[in-house]
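Quick note: the coordinates plus some simple rules give every number you see, no bench work behind them. Small disclaimer: the values here were computed from a predicted structure and weren't measured. Positions of Cβ are backbone-derived with ideal geometry, glycine not excepted, and every protein chain shown enters the neighbour counts.
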């Protein structure tokens with residue numbers, strides 16, 4: 001089960017921060033999502049292949065955002081789909097082992113579960129730049145909507161991650177608070193310690 005889902009910032013080469021973060025976390029405790037929609041497909045594939053090698057060293061599943069073709073070509077473990085993206089069953093039929101889906105409501109979670117997703121990422125729980133918070137009560141409602149694990153995303157850091165788990169989330173996801181931090185290793189271990197005992 002994914003407890004910590006590390007999502008790459010949108011443009012910079014993520015290899016160094018991913019390696020730094022994974023190096024301090026328990027093996028298999030975290031997964032990585034390569035999410036860089038603005039870069040060219042060739043460069044995205046190169047970055048996915050580089051992350052595949054890093055993730056292999058630390059037993060961390062690698063998923064590619066929205067690009068099943070890149071995930072397959074890079075040998076990634078899976079794909080992460082937008083709420084209105086490729087149906088999870090279609091992604092799995094391509095041979096991908098893990099399928100995550102972005103969700104914003106309990107109905108989205110129920111649909112993702114019916115369609116065969118392995119987990120859902122609910123966002124934003126807390127306020128993020130340009131996006132108002134949906135809040136912990138909305139997260140709790142989403143977590144009750146279906147049996148698949150729901151991860152909490154959006155303004156999640158070591159100060160509030162435990163509240164997301166208390167609301168029913170099975171883990172937390174983040175972009176800025178770990179891979180976007182000045183010291184990804186310190187940020188990763190701080191966030192991990194905040195959820196490890198729950």
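The Rg/Rh ratio for the range 1-77 is 0.93, where Rg is the radius of gyration of the alpha carbons and Rh is the Kirkwood radius. Over every Cα atom in the chain, the radius of gyration and the widest Cα-Cα span, Dmax, amount to 15.3, 41 Å. Using C-alpha pairs under 8 Å with a sequence gap of at least 6, the mean separation divided by the residue count of the range 4-196 gives a relative contact order of 21 percent.
Estimated from helical segments only, the mean residue ellipticity of the chain at 222 nm is -11000 deg cm²/dmol, where each DSSP H run of four or more residues counts as -39500 (n - 2.57). For a Förster distance of 22 Å, can you work out the FRET efficiency between the beta-carbons of residue 11 and residue 104, rounded to the nearest 0.05? Calculated transfer efficiency: 0.40. Highest average first, the peptides 149-157, 101-109, 178-186 ordered by how many other beta carbon atoms sit within 10 Å of their residues are 149-157, 101-109, 178-186. I need the calculated FRET efficiency for the pair residue 162 and residue 183, taking r as the beta carbon distance and R₀ as 25 Å, to the nearest 0.05. Efficiency for this residue pair is about 0.70.
Given the Cα-Cα distance of residue 133 and residue 27 and 0.36 nm per residue of separation, how much length would full extension add, in nm?
35.0 nm
Here the label points at residue 39 and residue 197, each 7 Å from Cα along the C-beta direction, are separated by 3.8 nm in the simple model. Here the Debye sum runs over all C-alpha atoms of the range 77-171 as equal scatterers in vacuum, and log10 of I(q)/I(0) at q = 0.11 Å⁻¹ comes out as -0.29.
Hey, for a label at residue 114 modelled as a point 7 Å past Cα toward Cβ, could you say which residues of the range 134-148 have their backbone N under 15 Å away? What the label zone holds, given the 15 Å backbone N cut-off, is 145-148. Among 38-46, 92-100, sorting by the average number of other beta carbon atoms lying within 10 angstrom of each residue, highest first, gives 92-100, 38-46.
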